[in-house]
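One structure below.
The values are calculated or read from the model by the stated rules, or taken from the named source; none is laboratory data. Just so we're clear, the structure is a prediction, and the values are computed from it rather than from any experiment. As a convention, Cβ positions derive from the backbone with ideal geometry for all residues, glycine included, and neighbour counts pool all protein chains shown. Please note that ligands, DNA and RNA were not included when accessible areas were found on the heavy atoms of the full protein model with its side chains. Shrake-Rupley method; radii C 1.70, N 1.55, O 1.52, S 1.80 Å.
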Amino acid sequence: MTNTNILKKIKVQRTLLLMVLPGVLWMIIFNYLPMYGIIIAFKEFKIYQSMFEAPWVGFYHFIEFFKDEDFFLVMKNTLGMSFLKLLIGFPLPIAFAVLLNELKLSRFKKNIQTISYLPHFLSWVVLGGIMITWTSEAGLVNEVLLGIGIIQKPIAFLGDPKYFWGIAIASDIWKEIGWNAIIYLAAIAAIDVSMYEAAVIDGANRFQKIKYITLPSIAPTIAMLFILAVSGVLNSNFDQVFVLNNPLNSNASEVLDLYVYRTGIRAARYSYATAIGLFKSVVAFALLFTANKVTRRLTGNSLF
Amino acid sequence: MLEVMLAILMIGFLVIIVLGISKQSRYEIKEMFSRQSTGSKIFDIVNIIFMLLICFIMLYPVWYVLILSFNEGSDAMMGGIYWWVREFTLDNYKIVLSNNDIFKAFIVTVARTVIGTTTHVLFTAMIAYSLSKRDLVGRKIWLTMGIITMFFSGGLIPTFILFKNMNLLDSFWVYIIPTMFSFYDLIIFQSFFRGIPDSLEEAATIDGAGYFYIFRRIILPLSKPVLATIALFCGVWHWNDYFMGVIYITKNVDLQPIQTYLYRIVAESASNQAMANMPDGVQKATTTSGSIKLATMVVTTLPIVLVYPFLQKYFVKGMLLGSVKG
């Protein structure tokens with residue numbers, strides 16, 4: 001295309017271009033300036049100076065973090081909790097969607113679905129409040145356990161690091177199982193009914209129908225969501241941990257995002273916290289590509 | 001004994017609600033048990049019981065908070081309340097609703113939800129409309145810029161420093177301006193706009209309408225489903241967000257949203273804050289910091305729970321819309 005043609009086109013599309021402009025400016029300011037701001041991870045930045053003035057320190061902050069005794073604890077909590085969530089929390093919505101699909105009562109099915117994603121719309125603060133109320137020493141869980149006689153004296157569940165992972169994982173599953181099942185239900189709904197009819201003629205029972213038709217048909221969806229879940233293992237659900245953590249359980253609740261918040265915002269160690277954030281992004285990116293590759297090799301499905 | 005009876009009553013109630021008693025459901029139940037093998041019948045029954053259990057697990061925690069919030073706080077401390085209110089009182093709510101701080105926080109939350117959602121939807125839709133034109137000059141560049149933001153971000157600290165330099169800290173606009181645009185939503189809008197027949201726009205162009213006029217008078221009215229979906233997602237997010245209030249509102253407490261307020265009493269165990277701010281004479285001996293906390297939780301959640309049953313069909317559609325690749 002010649003220059004005059006482009007100019008002509010710009011003239012015709014000037015309203016459209018004016019409509020895109022605010023979005024481009026917005027992205028430059030709110031997405032790209034912070035990306036540029038990452039350079040302070042390699043500098044010694046103080047809030048009263050500009051980013052240019054700050055002296056370069058190379059990988060000093062990264063090394064500082066790897067040497068820090070918190071590094072091991074933070075990584076253990078982040079990865080441990082995330083992998084358990086992946087292990088337990090990832091298959092459950094699939095199972096739930098498959099079982100829900102087997103229900104033949106349409107009204108019942110619809111109601112269950114509605115109810116199952118109600119918790120998704122509660123905020124983590126409210127949910128954290130419920131959790132704290134339930135697990136306190138005078139709370140319902142203790143009351144029931146004492147009543148049945150499993151324990152002799154009340155346990156402060158959130159005051160003991162030993163229980164934290166369990167509470168975090170269980171509440172996360174409770175909140176999101178229904179919501180996460182929606183996408184699988186949609187995938188199941190798209191399966192050709194004639195496949196099931198053919199299977200019935202061949203004498204398949206219900207388990208065989210699930211095993212040989214339903215699950216293979218939604219495998220691409222499963223693969224796609226799995227890749228996304230793996231790349232997010234360093235995220236460890238910040239909102240939830242932020243609400244539920246306290247000084248007593250910090251041994252089990254201190255995760256990467258929380259650590260970035262504490263060192264960066266609370267302690268104002270901007271460069272150090274940015275370095276940790278960057279470390280996290282790089283690992284997440286590597287995980288995304290690895291998961292994509294492995295999933296493609298194993299199942300033939302991939303995100304890109 | 002009474003409790004067991006109440007439990008049975010509630011489960012029965014639950015069954016009626018969820019199974020439905022319409023003609024169609026009676027037909028389906030009959031259908032389910034005829035022409036089936038025994039194994040299949042057992043599977044169905046186990047499945048239904050399992051689903052009822054899920055239903056109970058999902059609803060009970062919410063129910064429990066609700067009844068405790070209507071119970072006298074000092075009485076609730078003795079425990080033993082599972083199914084129904086024991087000592088009914090509205091005192092918890094009186095205290096919550098007469099608390100000036102909560103009232104302010106509530107106004108802030110409503111304002112940010114309404115303004116934030118409106119600006120987000122209109123702004124993002126406008127840019128998406130423009131970008132949905134395949135022959136737009138520089139389209140590839142603008143799209144690439146957006147896609148990169150889906151994978152890379154500056155992270156918490158550089159964003160915080162940016163907001164600080166822009167004087168957005170302790171300002172109401174911190175809720176609005178940085179959340180005005182989302183590239184994910186742009187993609188959803190774009191795929192919807194593509195489905196609108198070009199002939200409509202062509203006809204309008206012949207009549208002398210400009211792009212912006214077309215967007216405002218033709219595209220927007222035709223896009224109600226997708227606008228509603230994105231607005232609902234965005235509205236729920238705004239309503240439930242507490243983190244922006246925690247991190248960007250450092251001094252001006254009057255600007256904290258209600259979830260941040262709740263966060264402060266729930267997580268930072270400053271539960272006495274609510275009581276300390278009470279006007280004299282309002283506080284009754286029967287309320288406790290715990291029961292007030294529960295009432296606050298109900299008050300903050302109520303708006304969402306009330307609109308949720310009416311809007312949930314949009315959510316599901318929107319979720320599916322969002323899952324369409326590219």
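As a calculated quantity, the FRET efficiency between A:PHE71 and A:ILE29 at R0 = 41 Å, using C-beta atoms, amounts to about 0.75. What residues from segment B:214-229 fall in the zone where the backbone N is under 11 Å from a label point 7 Å along the Cα-to-C-beta line of B:ASP207? Of the residues in segment B:214-229, B:214, B:217-218 have backbone N under 11 Å from the label point off B:ASP207.
Solvent-accessible area per residue in the protein assembly as shown equals 49 Å², computed with a 1.4 angstrom probe and all protein chains kept.
Residues of segment B:94-142 that bury at least 20 Å² of accessible area once all protein chains are present, compared with their chain alone (1.4 Å probe, heavy atoms only, ligands and nucleic acids left out), are B:PHE123, B:MET126, B:ILE127, B:SER130, B:ASP135, B:LEU136, B:VAL137, B:TRP142. Principal axis analysis of the Cα atoms in the protein assembly as shown yields extents of 87, 69, 51 Å, listed in decreasing size. Calculate the FRET efficiency for B:PHE50 and A:ARG297 from the Cβ-Cβ distance with a Förster distance of 51 Å, rounded to the nearest 0.05. Plugging the Cβ-Cβ distance into 1/(1 + (r/R0)^6) gives 0.90.
Span-like helix criteria (full DSSP H runs; alpha carbon extent of at least 30 Å along the helix axis; mean Kyte-Doolittle hydropathy of at least -1.0) are satisfied in chain B by B:38-69, B:100-131, B:289-323. Seen from every direction in turn and averaged, the convex hull around the alpha carbons of segment B:140-247 projects onto 9.0 nm².
Quote the relative contact order of chain A in percent (integer), defining contacts as alpha-carbon pairs under 8 Å separated by 6+ residues. Relative CO of chain A lands at 26 percent.
Please say if segment A:1-137 is rounded, prolate or oblate, where rounded means a/c under 1.5 for a ≥ b ≥ c the square roots of the C-alpha gyration tensor eigenvalues, and otherwise the choice is prolate for a/b larger than b/c and oblate otherwise? Taking the square roots of the gyration eigenvalues as a ≥ b ≥ c, segment A:1-137 is oblate. Enter the buried accessible area of the A/B pair, total of both sides, probe 1.4 Å, in Å² rounded to the nearest 100. So the total buried area for this chain pair works out to about 8400 Å². Evaluate E = 1/(1 + (r/R0)^6) for B:LYS41 and B:LYS164, where r is the Cβ-Cβ distance and R0 equals 51 Å; express this FRET efficiency to the nearest 0.05. After rounding to 0.05, the efficiency reads 0.20. Burial here means at least 50 square angstrom less accessible surface with every protein chain in place than with the chain by itself, probed at 1.4 Å; in segment A:131-175 the buried residues are A:THR133, A:TRP134, A:LEU140, A:GLU143, A:TRP174.
Out of all Cα-Cα pairs in segment A:146-302, roughly what percent, to the nearest whole number, are more than 20 Å apart? Distances greater than 20 Å cover 68 percent of the Cα pairs. Contact with the other protein chains removes 40 Å² or more of accessible area, compared with the isolated chain and a 1.4 Å probe, from these residues of segment A:33-72: A:PRO34, A:MET35, A:ILE47.
Classified by the C-alpha gyration tensor, chain B has an oblate form. Its axis ratio a/c, with a ≥ b ≥ c, is 1.5 or above, and a/b does not exceed b/c.
Name the shape class, rounded, prolate or oblate, that the alpha-carbon gyration tensor gives for segment A:24-87, where a ≥ b ≥ c are the square roots of its eigenvalues, rounded holds for a/c under 1.5, and otherwise prolate holds if a/b is larger than b/c and oblate otherwise. The shape class here is oblate.
Rounded to the nearest Hz, the phi-derived 3J(HN,Hα) couplings of segment A:288-304 under the Karplus curve 6.51 cos²θ - 1.76 cosθ + 1.60 (θ = phi - 60°) are 4, 5, 5, 4, 4, 5, 4, 5, 5, 5, 7, 10, x, 9, 7, 7, 8, where x marks glycine and proline. Modelled spin labels at B:THR119 and B:PHE152, positioned 7 Å past Cα toward Cβ, are 2.7 nm from each other.
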